[in-house]
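What follows is one structure encoded as structure tokens, with my remarks underneath.
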Amino acid sequence: MQPVYITGHSRPVRQVLHNHDGDLLFSCSDDHTVCMFTTAQCERIGVFDTKEACVSIDLTKDSKHLIACPTTIGFQIYMVNDGKLLKTVNVPGLQAEKVNLSYSDKEIAVQYYANKQSFIRIYSFSRVMDPAWSDKEITETCQISCNPDFRFMNFVWGPLDKSIYACTSNGRVIQYDTGTGKIMQEA
């Protein structure tokens, strides 16, 4: 193993991510861009302009779609091969914090902060990508609300995309049912 120095951003980098095959590396930054690099040569081969500081990214397993999470928008979906912006989905409030695709690539979850409360919204990926639905008509399939006394800090999808595990600012890990948004277990 050897260190590799890659340049491409002018502001702090928020996340780096390999695609499923491991041949591409993506990084997002406060400089309003997501950069795409080849893993073998560490050569930058693409730049996605998010128009906002980008705090989180995820990729479909087939590396066709990049999902970026700009801070004041919600999430944006890009074609990886040509960088074309396909959809923008807005969430309420002023601070989107994380985006994450389910293991099956069938759902997208976005964590955000609005009105002094933390939320996670889940969207159907096929509905988001359906050209018949405009950006403003897309609605979530489920919304998970955090207790106003604390915030969601991070989350991951559970087995078979049936649950989300969220950690909170008060030291708890909570398991939510993605169909209902109700607490299944709290530790």
Subject >> Rel. contact order, % - alpha carbon contacts under 8 angstrom, at least six apart, the stretch 104-187 >> reply: 21 percent
Subject >> Which listed pairs, of LYS84/LYS136; LYS87/LYS182; LYS64/LYS87, have C-alpha distances above 23 Å, in listed order >> reply: LYS87/LYS182
**OP:** Please go through the stretch 91-149 and write out the trypsin sites (Lys or Arg not before Pro) that DSSP classes as loop and that have at most 13 other C-beta atoms within 10 Å.
**Re:** LYS106, LYS116, LYS136
Subject >> Order by protection proxy (mean Cβ within 10 Å, highest first), peptides 51-59, 12-20 >> reply: 51-59, 12-20
Original post:
Could you give the distance between the Cα centres of the stretch 1-78 and the stretch 132-174, to the whole Å?
Top reply: 23 Å
**OP:** Taking amide H positions as placed in the peptide plane 1.01 Å from N, state which residues far from ARG14 in sequence (5 or more) or on other chains have amide H under 5 Å from it.
**Re:** CYS28, SER29, ASP30
Original post:
Can you list the chymotrypsin sites (Phe, Trp or Tyr not before Pro) in the stretch 17-117 that are in a DSSP coil and have 14 or fewer other beta carbons within 10 angstrom?
Top reply: TYR103
**OP:** May I ask for the Kirkwood hydrodynamic radius of the stretch 13-149, worked out over all distinct Cα pairs and given in angstroms to one decimal?
**Re:** 15.1 Å
**OP:** List every residue whose amide H lies under 5 Å from the amide H of GLN95, counting only residues 5 or more places away in sequence or on a different chain, with H placed 1.01 Å from N in the peptide plane.
**Re:** TYR113
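Each value in this text was obtained by applying a stated rule to the coordinates, not by laboratory testing. Please read these numbers as outputs of a predicted model, since none were measured by experiment. Cβ coordinates were reconstructed from backbone atoms using ideal geometry, including for glycine residues, and neighbour counts include every protein chain displayed.
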